[in-house]
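Engineer: The structure's right below; bear with me while I get my questions together.
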């Protein structure tokens, strides 16, 4: 670059000496030294290589997905039932009734659901009449069943089924006047074979309804490895008060007529899914429960496990014998040739369902943590001594705090641990050099090509996360194996999710010594903040206009999302600048010439002042928003791990809230403060990494004498804890011995 600059300047002086009539001819004869950044850009956009379907379950796989991604290499095998033909037509047909059904599927499902949905939603995105719909949920999701019987409000939810044999169906039309009546009639006919529907219809003509009892089986154990559809006698029972039949099922929910009570369906009930999502489970098919055996596990082994006490309802699944809740839904949310997966056609209901099921996955982990709080306790070594001196001699008397351990991904301790790991790398390898952000493009060809007719990318968050993750893996190869920016000494990245759901990844790179960026001339070799020449680089120009133009905001659009107190929080438009300079805040001021290049973006003519810095090679390769910036400040590390302070898009920051008994429940705080969108839910169900750090960091406690951590089981005698071998040894001493 320096040599090219000297050639350019020498030619300019020569032309002045010779009185060239047209100096511009001389300028065009020599390449602009700043064009170095556009060298070697790809001729086409990167496409994922095809990969054979899973040999065990037939699931479609994308590049870079592990062989056992979908079914644990054959250990998980679940039967699949084709939906009724009439329902399948509603999911696929282009006739007006079917389109109306799909566009309003959440409302139709809510109308026919046997339960009520309780969830806190971000109404800004969930009730949108136009724009991008996103089911963005906050806190827990509850599915409740209420008592039945005559009320002033008329029948609702499961009570509506009592009257479905009435050909007029006025009870349903009055309940949901805005839903198409023809579609309601079709759905009533479709669901007549549903065992729950069949049971409740039996109460349609009875007198003295309040004397009846409905018992719902919560412990069905039909083998989901075979085509088993429950019958009405397996899912529910009806009896009259004071009759001989008092309890039909081992575990159940009993509904009483007009007792004005609410009953909660627990996430580990097999009836949780079919009661709440009849349009996905039209035949009452059982959902996940803790006792679904893996392939090759006999029912006798399951029975022995239950008898031995290793498995109890609602507990964490016996991973050796049973299908975990995450593995179950990872298997369900797959595309398989020749298999019609109703869920993938569910549009907005699919968004709701995946968020609901992820919260079920998360709840199983948090419930496990909560149940095992008393089994393993930790306190400062000195704190144990203090407890003994105070007269406490039982371990379960030490501490009154329900904690979320650092092993729980996304928890406060986990985020802080990762933040400290990143700072340790900065301490050893120096300040960061490159900050890179890659955002998913929902219109990537790999996503569009897999959509069903009438679907949009937002209807398929499963495709969004799987394709983005594959592109992310390819980007890592470009950065860390092909060394397109030079050799990387260490890196950190985290994956986040926008409020509208699209995933994006933040990378922080620290380069090896000879590849560190130290001057503006080096910055210009990697980064451009200008519109490229449209005639030379037409495809790149289109991508810059589509992905890398900020706003417009300010006076051109005062209501843009980036506006705060009348100005852009990202400082756009940036000033024109004839050359790149090193800024005072460790961020460069990039070259943005007033060269006359313009682009029409969202109705406004924008110039180089609005360009977000990018690397032409990566932008041309991935065709998505991919911001690349030079940085040399640890502020970038703090930005990368901003969720140390507020978590996933926390609704509120509440540190150490104390209940009426002066106890601190970190699990409740976590549940009450995080938002979940469909892409994040699927990212976690699929088991993709949310962050990565290289090289790995081993944490050692830095503490005062006798103030290191000691782990011990609840109920242990503290004298025994202190006397056990290793209790007084610190990690520093152990590491010195290993060295």
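Engineer: Let me spell it out: the conditions are (1) surrounded by 15 or more Cβ atoms within 10 Å (Cβ to Cβ); (2) farther than 13 Å from residue 527 by Cβ; (3) modelled with pLDDT of 95 or more; (4) out of contact with any helix residue (DSSP H, G or I) (no Cβ under 6 Å at 6 or more places or on another chain), and residue 586 meets all of them except one. Which number is the exception?
Structural biologist: With (1) surrounded by 15 or more Cβ atoms within 10 Å (Cβ to Cβ); (2) farther than 13 Å from residue 527 by Cβ; (3) modelled with pLDDT of 95 or more; (4) out of contact with any helix residue (DSSP H, G or I) (no Cβ under 6 Å at 6 or more places or on another chain) applied to residue 586, the lone miss is (3).
Engineer: Looking at region 400-501, what helices (runs of 4 or more DSSP H) fall wholly within it and have at least 3 residues that are touching a residue at least 12 places away in the same chain (Cβ under 8 Å) and under 30 Å from residue 348 (Cα atoms)?
Structural biologist: Details: elements: 412-429, 445-448, 461-480.
Fully inside region 400-501 and qualifying: 445-448, 461-480.
Engineer: Among the helices (runs of 4 or more DSSP H) lying completely within region 275-392, list those that include at least 1 residues that are at pLDDT 90 or above, surrounded by 18 or more Cβ atoms within 10 Å (Cβ to Cβ) and in contact with a strand residue (DSSP E or B) (Cβ under 6 Å, 6 or more places away or on another chain).
Structural biologist: Per the criteria, 348-371.
Engineer: Determine which single condition residue 565 fails, assuming it passes every other condition in (1) farther than 23 Å from residue 631 by Cβ; (2) in contact with a helix residue (DSSP H, G or I) (Cβ under 9 Å, 6 or more places away or on another chain).
Structural biologist: Unmet condition: (2).
Engineer: Going through region 577-596 one residue at a time, which ones are closer than 22 Å to residue 533 by Cα and either outside the structural domain of residue 527 (by TED's automatic domain parsing) or within 39 Å of the chain's Cα centre (by Cα) (or both)?
Structural biologist: Listed by number, the residues that qualify are 580, 589, 590, 591, 592.
Results for (1) assigned by TED's automatic domain parsing to the domain that holds residue 123; (2) in contact with a strand residue (DSSP E or B) (Cβ under 6 Å, 6 or more places away or on another chain); (3) modelled with pLDDT of 70 or more; (4) within 24 Å of residue 119 (Cβ to Cβ), shown as yes or no for each residue.
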residue	(1), (2), (3), (4)
671	no, yes, yes, yes
678	no, no, yes, yes
684	no, no, yes, yes
688	no, no, yes, no
694	no, yes, yes, no
716	no, no, yes, no
727	no, yes, no, no
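Engineer: Among the numbered criteria (1) over 14 Å from residue 63 (Cβ atoms); (2) under 16 Å from the mean Cα position of the chain (by Cα), which one does residue 469 miss?
Structural biologist: (1)
Engineer: So, one more: Counting only residues that are outside any loop (DSSP other than H, G, I, E, B) and under 16 Å from residue 283 (Cα atoms), how many does region 45-88 have?
Structural biologist: 4
Engineer: Could you check region 502-514 and list, in sequence order, the residues that are more than 19 Å from residue 621 (Cβ to Cβ), touching a residue at least 40 places away in the same chain (Cβ under 8 Å) and either touching a helix residue (DSSP H, G or I) at 6+ places or on another chain (Cβ under 6 Å) or surrounded by fewer than 17 Cβ atoms within 10 Å (Cβ to Cβ) (or both)?
Structural biologist: Hits for region 502-514 are 508, 510.
Engineer: Confirm whether residue 546 is closer than 30 Å to residue 594 by Cα, assigned by TED's automatic domain parsing to the domain that holds residue 578, within 26 Å of the chain's Cα centre (by Cα) and modelled with pLDDT of 95 or more.
Structural biologist: Here the answer is yes, as residue 546 does meet what is asked.
Engineer: Could you check residue 404 against (1) modelled with pLDDT of 95 or more; (2) out of contact with any strand residue (DSSP E or B) (no Cβ under 8 Å at 6 or more places or on another chain) and say which number it fails?
Structural biologist: Every listed condition holds for residue 404 apart from (1).
The values are calculated or read from the model by the stated rules, or taken from the named source; none is laboratory data. Because the structure is a prediction, the values reported are computed rather than measured. Backbone-built Cβ (ideal geometry, glycine too); neighbour counts: all protein chains shown.
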